[in-house]
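Asker: Take this structure first; my questions come after.
The values are calculated or read from the model by the stated rules, or taken from the named source; none is laboratory data. Since this is a predicted model, take the numbers as computed values, not measurements. With ideal geometry, Cβ positions are generated from the backbone for all residues, glycine too; neighbour counts draw on all protein chains shown. Heavy atoms of the whole protein, side chains included, go into the accessibility calculation; ligands, DNA and RNA do not. Shrake-Rupley method; radii C 1.70, N 1.55, O 1.52, S 1.80 Å.
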Amino acid sequence: MKHLLTTRGLPRDEAIRILDTAGEMAKTQEREIRKLPTLRGKTVINLFFEDSTRTRISFEAAAKRLSADVINFSAKGSSVAKGESLKDTAQTLQAMGADGVVIRHWASGAAERLATSGWTRGAVVNAGDGTHEHPTQALLDAYTIRRHLADGEPGVGLDGLTVAIVGDILHSRVARSDAWLLTTLGARVVLVAPPTLVPLGVETWPVEVVHSLDAALETYDLDAIMMLRIQLERMTGGGAAFFPSPAEYTRLYGLDGTRLARLPKRTIVMHPGPMNRGLEISAEAADSPRSVVVEQVANGVSVRMAVLYLLLAGEEAAS
Amino acid sequence: MTGAVMAAPDIARALTRIAHEILERNGGADDLVLLGIPTRGLPLARRLAERIAVVEPAFDAQARSGGIDITMYRDDLRRQPTRPIGTTTVPPAGIDGAIVVLVDDVLHTGRTIRAALDAIGDLGRPRSVQLAVLVDRGHRELPIRADFVGKNLPTSRSERVSVLLDEIDHQEEVRIERSEGEVE
């Protein structure tokens with residue numbers, strides 16, 4: 001593995017290797033001294049063309065716990081705002097000696113472009129590109145589900161589990177990355193969304209699609225339910241372009257206490273954050289003991305440590 | 001010299017002797033913690049702990065032995081393909097104030113032990129750290145020595161020492177081989 005760009009096409013054994021490594025990384029975080037010397041002397045650049053405090057600090061924490069030097073580069077107020085192209089930015093970073101580049105970009109395919117263009121020799125980690133993919137989020141979701149429901153043993157996948165992903169599938173790179181990764185790991189994935197928020201061509205994905213949350217709760221024996229953020233900032237046509245009103249969305253697709261009670265006892269509630277409380281998830285559901293939202297954040301650091309270790313520690317990274 | 005240099009009974013005798021030496025040196029089993037270095041240090045640490053428990057019934061072999069993975073502390077990470085990370089299991093009581101005995105199969109350059117000492121430093125602050133190895137083959141590259149040695153084995157650098165243990169290899173033997181590609 002030279003880069004981590006997508007979960008689509010990521011082989012099962014490779015995915016499981018990342019999850020197993022993340023498990024060992026998590027254990028080191030219970031130690032008296034949580035910093036490991038593993039990536040000493042390596043430089044990781046966080047290249048963020050889109051605001052994302054959570055993902056950036058998660059990568060930053062992961063790199064720092066492995067003793068890498070971290071340089072944060074955000075588009076706001078930088079040369080990018082002055083019109084610099086991705087190519088020039090990448091070459092500048094290469095000149096600074098980046099061993100790894102973590103890129104978040106508003107354009108789908110930006111990470112792939114950076115990895116294959118030869119503009120930088122470092123390993124590229126996709127931290128979200130447009131509406132395409134967000135592989136480390138999917139890996140931390142898989143890690144969280146495995147810990148809770150597949151006894152978390154090294155080497156195992158998610159075989160036999162059913163996971164529902166509810167909400168704005170159309171704009172969600174998390175939903176895409178999750179759909180590919182979770183099915184690769186053996187899970188059954190059900191997408192729940194209004195017809196307007198399901199992407200064209202979804203019939204080619206390895207998933208089932210349901211247009212009502214109540215129907216999904218009726219039909220499937222769910223092990224995990226993932227509520228996606230309704231990304232109001234993406235709905236440039238106004239929320240009304242995709243559904244009549246936020247209140248209607250909440251009534252039909254929101255996870256509230258009543259729906260929570262209908263789920264099997266073992267089912268965990270997930271959310272990639274930040275949550276819109278009262279829109280896609282009620283406070284009751286978000287704060288219930290079955291919610292693993294806060295744990296997802298902690299697992300994110302372990303998973304990103306694993307990815308940075310696997311990409312940057314070995315000789316392949318140096319060559 | 002090539003071929004088997006220690007058979008199963010030799011390994012058993014060496015471990016029994018080391019177990020006694022550890023107890024003698026430390027005046028008993030109080031505060032002892034045995035940490036094996038993966039892969040083959042793990043079963044060796046467990047075997048030593050069991051032997052110590054035979055002599056000192058108060059010693060809980062299960063609770064006082066574990067493993068310490070050193071992959072992330074190696075100094076040659078960037079010269080090798082990425083290695084999988086092994087498991088670290090530390091006794092629930094931790095290692096602060098304990099006498100930690102590191103256990104490995106072969107002591108060679110000393111770099112593994114250097115990495116293990118760094119890893120221990122991140123886990124806590126033991127009262128002392130000692131080293132037990134089944135085979136010491138020489139060729140140290142760092143000022144490190146073993147406190148307890150099963151067998152001193154003079155080797156040339158081009159030779160390879162393999163320790164095979166029942167728990168992992170389903171056979172029990174120490175072997176010395178001329179490594180491929182370095183035959184003169």
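Asker: Would you confirm whether any residue within the range B:51-66 is within 14 Å of another protein chain (Cβ to nearest Cβ), out of contact with any Phe, Trp or Tyr (no Cβ under 9 Å at 6 or more places or on another chain) and either touching a residue at least 40 places away in the same chain (Cβ under 8 Å) or in a strand (DSSP E or B) (or both)?
Answerer: Pass one, the range B:51-66, residues within 14 Å of another protein chain (Cβ to nearest Cβ): B:66.
From what's left, out of contact with any Phe, Trp or Tyr (no Cβ under 9 Å at 6 or more places or on another chain): B:66.
From what is left, the residues that are either touching a residue at least 40 places away in the same chain (Cβ under 8 Å) or in a strand (DSSP E or B) (or both) are B:66.
Checked the range B:51-66: at least one residue is within 14 Å of another protein chain (Cβ to nearest Cβ), out of contact with any Phe, Trp or Tyr (no Cβ under 9 Å at 6 or more places or on another chain) and either touching a residue at least 40 places away in the same chain (Cβ under 8 Å) or in a strand (DSSP E or B) (or both).
Asker: Now for a different question. At least 3 residues that are assigned by TED's automatic domain parsing to the domain that holds A:Gln231, surrounded by 15 or more Cβ atoms within 10 Å (Cβ to Cβ) and touching a residue at least 40 places away in the same chain (Cβ under 8 Å) in each: list the helices (runs of 4 or more DSSP H) lying fully within the range A:59-152 that qualify.
Answerer: On the way: elements: A:86-95, A:110-116, A:135-149.
It comes to A:135-149.
Asker: Quick one: how many residues across the range A:23-54 are within 21 Å of A:Ile103 (Cβ to Cβ) and either acidic (Asp, Glu) or within 14 Å of another protein chain (Cβ to nearest Cβ) (or both)? Show your work before the answer.
Answerer: Start the filter on the range A:23-54 by keeping residues that are within 21 Å of A:Ile103 (Cβ to Cβ), which leaves A:39, A:42-54.
Then drop every residue that is not either acidic (Asp, Glu) or within 14 Å of another protein chain (Cβ to nearest Cβ) (or both), which leaves A:39, A:42-43, A:50-51.
Total satisfying the criteria: 5.
Asker: Could you please let me know if A:Leu161 is assigned by TED's automatic domain parsing to the domain that holds A:Asp221, of a type in the set (A, V, I, L, M, F, W, C) and more than 18 Å from A:Glu50 (Cβ to Cβ)?
Answerer: Numbers: assigned by TED's automatic domain parsing to the domain that holds A:Asp221: yes; of a type in the set (A, V, I, L, M, F, W, C): yes; more than 18 Å from A:Glu50 (Cβ to Cβ): yes.
Criteria met by A:Leu161.
Asker: Okay, moving on. Is the range B:163-179 home to any residue that is closer than 24 Å to B:Asp30 by Cβ, open to solvent by 40 Å² or more (accessible area, probe 1.4 Å) and not basic (Lys, Arg)? Working first, answer last.
Answerer: First, pick out the residues of the range B:163-179 that are closer than 24 Å to B:Asp30 by Cβ: none.
No: zero hits.
Asker: Take the range B:19-39 and flag every residue that is in a loop (DSSP other than H, G, I, E, B), on the phi < 0 side of the Ramachandran plot and open to solvent by 60 Å² or more (accessible area, probe 1.4 Å). Outline the logic, then answer.
Answerer: The first filter runs over the range B:19-39 and keeps only residues in a loop (DSSP other than H, G, I, E, B), leaving B:27-31, B:37-39.
Those still in the list that are on the phi < 0 side of the Ramachandran plot too: B:29-30, B:37-39.
Residues satisfying the conditions are B:Asp30, B:Thr39.
Asker: Would you check if B:Leu131 is open to solvent by 20 Å² or more (accessible area, probe 1.4 Å) and away from every other protein chain (no Cβ under 14 Å)? I'd like the intermediate steps shown before the answer.
Answerer: Working: open to solvent by 20 Å² or more (accessible area, probe 1.4 Å): no; away from every other protein chain (no Cβ under 14 Å): yes.
Here the answer is no, as B:Leu131 does not meet what is asked.
Asker: Which one of the conditions (1) at pLDDT below 95; (2) under 28 Å from A:Ala247 (Cα atoms); (3) in contact with a Gly (Cβ under 9 Å, 6 or more places away or on another chain); (4) of a type outside the set (Lys, Arg) does A:Val174 fail to meet, given that it meets all the rest?
Answerer: (1)
Asker: Do we find a residue being open to solvent by 40 Å² or more (accessible area, probe 1.4 Å), within 14 Å of chain A (Cβ to nearest Cβ), over 29 Å from B:Ile52 (Cβ atoms) and touching a residue at least 12 places away in the same chain (Cβ under 8 Å) anywhere in the range B:81-93? Quick ask: steps written out before the conclusion?
Answerer: Quick first cut of the range B:81-93, residues open to solvent by 40 Å² or more (accessible area, probe 1.4 Å) only: B:81, B:83-84, B:87, B:89-90, B:92-93.
The next check asks that each one be within 14 Å of chain A (Cβ to nearest Cβ); those that pass are B:81, B:83-84, B:87, B:89-90, B:92-93.
Those still in the list that are over 29 Å from B:Ile52 (Cβ atoms) too: B:81, B:83-84.
With the extra rule that they be touching a residue at least 12 places away in the same chain (Cβ under 8 Å), the set shrinks to B:83-84.
For the range B:81-93, residues open to solvent by 40 Å² or more (accessible area, probe 1.4 Å), within 14 Å of chain A (Cβ to nearest Cβ), over 29 Å from B:Ile52 (Cβ atoms) and touching a residue at least 12 places away in the same chain (Cβ under 8 Å): present.
Asker: Taking the range A:27-49 only, how many residues are surrounded by fewer than 19 Cβ atoms within 10 Å (Cβ to Cβ) and in contact (Cβ under 8 Å) with a residue 60 or more places away in the chain? Spell out how you get there, then give the answer.
Answerer: Narrowing the range A:27-49 to residues surrounded by fewer than 19 Cβ atoms within 10 Å (Cβ to Cβ): A:27, A:29-35, A:37, A:40-41.
Restricting the remaining residues to those that are in contact (Cβ under 8 Å) with a residue 60 or more places away in the chain gives A:29.
Of the residues in the range A:27-49, 1 are surrounded by fewer than 19 Cβ atoms within 10 Å (Cβ to Cβ) and in contact (Cβ under 8 Å) with a residue 60 or more places away in the chain.
Asker: Select, from A:Val207, A:Val269, A:Val202, the only residue that is open to solvent by 20 Å² or more (accessible area, probe 1.4 Å) and either under 14 Å from A:Ala285 (Cα atoms) or of a type in the set (A, V, I, L, M, F, W, C) (or both). Steps first, please.
Answerer: Numbers: A:Val269 fails: open to solvent by 20 Å² or more (accessible area, probe 1.4 Å); A:Val202 fails: open to solvent by 20 Å² or more (accessible area, probe 1.4 Å).
Being open to solvent by 20 Å² or more (accessible area, probe 1.4 Å) and either under 14 Å from A:Ala285 (Cα atoms) or of a type in the set (A, V, I, L, M, F, W, C) (or both) holds for just one of A:Val207, A:Val269, A:Val202, which is A:Val207.
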